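To start, the structure itself, in structure tokens.
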Amino acid sequence: MANQSQFGFQDASSPIMEELVEFHDHALMVALAICSLVLYLLTLMLAEKLSSNTVDAQEVELIWTILPAIVLILLALPSLQILYMMDETDEPDLTLKAIGHQWYWAYEYTDFKDLTFDSYMVPTTELSPGHFRLLEVDHRIVVPMESPIRIIITANDVLHSWAVPSLGVKTDAIPGRLNQTSFITTRPGIFYGQCSEICGANHSYMPIVVESTPLTHFEHWSALLSS
């Protein structure tokens, strides 16, 4: 999760988030190069008087026409690649349905017969030592690590948004519509998120907690909860 005074992204815990962080760094370097070039040209124009031959040169016009096109291609190709990767859902090992309510989440493990539960935020007065205020829930989502997880997202009343930053997941929950996304956790851990849609007075009290565990632990947890 994010730390106090943190300026960068949370630590990536899924392949999609790793790609997003790399693309952010790539785009930042391109923007830095453009800003440096523009600053250099502005400084040159202020320090020296450019001749009319330089201003009207066809070579310069050719460069400032082709160079932006190259920059756009360098940004568009990795962006489209990540976009298609985020939309791809191929043979998931587990399907999970998330339903947004005012103001809590309900979850259904569709691959199991009776594995459903509601997830409410734990009040501040009931927090255990080590738990985070406004982020801890009474029932966490437990998923097996290194397994493709498909999550189907909808809402029962108003617009919500299911978002976990460290997994690179953010999908709107719309009443009467099913949206889907997928993710793979690359390590065990607990990942926190919140509803990212202004859904009402208690909008900031809809936390999301995903717990990634080894497959054997997940099977034990699902067997206990289903019994």
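The values are calculated or read from the model by the stated rules, or taken from the named source; none is laboratory data. For clarity, every value in this text was computed on a predicted model and none was experimentally measured. All Cβ positions, even for glycine, are placed from backbone atoms using ideal geometry, and neighbour counts span all protein chains on display. Only protein heavy atoms, including side chains, enter the accessible area calculation; ligands, DNA and RNA are left aside. Shrake-Rupley method; radii C 1.70, N 1.55, O 1.52, S 1.80 Å.
Data table
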| quantity | calculated |
| --- | --- |
| Residue list for the stretch 125-145, filter: in contact with a strand residue (DSSP E or B) (Cβ under 9 Å, 6 or more places away or on another chain) and either exposed (fewer than 14 other Cβ atoms within 10 Å of the Cβ) or not in a strand (DSSP E or B) (or both) | Phe132, Leu134, Leu135, Glu136, Asp138, His139, Arg140, Met145 |
| Flag if Ser222 is within 17 Å of Met145 (Cβ to Cβ) and in a strand (DSSP E or B) | no |
| Residue that is surrounded by the fewest Cβ atoms within 10 Å (Cβ to Cβ) [pool: residues in the stretch 205-227 that are of a type in the set (S, T, N, Q) and over 16 Å from Leu115 (Cβ atoms)] | Thr216 |
| Any hit, the stretch 111-133, residues being in the same structural domain as Leu159 (by the TED database), touching a helix residue (DSSP H, G or I) at 6+ places or on another chain (Cβ under 7 Å) and under 28 Å from Glu18 (Cα atoms) | yes |
| Subset of the stretch 153-172 [open to solvent by 40 Å² or more (accessible area, probe 1.4 Å) and outside any loop (DSSP other than H, G, I, E, B)] | Pro165, Lys170, Asp172 |
| Verdict on Ser5 being on the phi > 0 side of the Ramachandran plot and either among the aromatic types (Phe, Trp, Tyr) or open to solvent by 50 Å² or more (accessible area, probe 1.4 Å) (or both) | yes |
| Condition met for Tyr84 (surrounded by fewer than 18 Cβ atoms within 10 Å (Cβ to Cβ), among the hydroxyl-bearing types (Ser, Thr, Tyr) and closer than 30 Å to Ile198 by Cβ) | yes |
| Candidate set from the stretch 169-204 (those that are over 13 Å from the mean Cα position of the chain (by Cα) and of a type in the set (S, T, N, Q)); member that is farthest from Phe117 (Cα to Cα) | Thr186 |
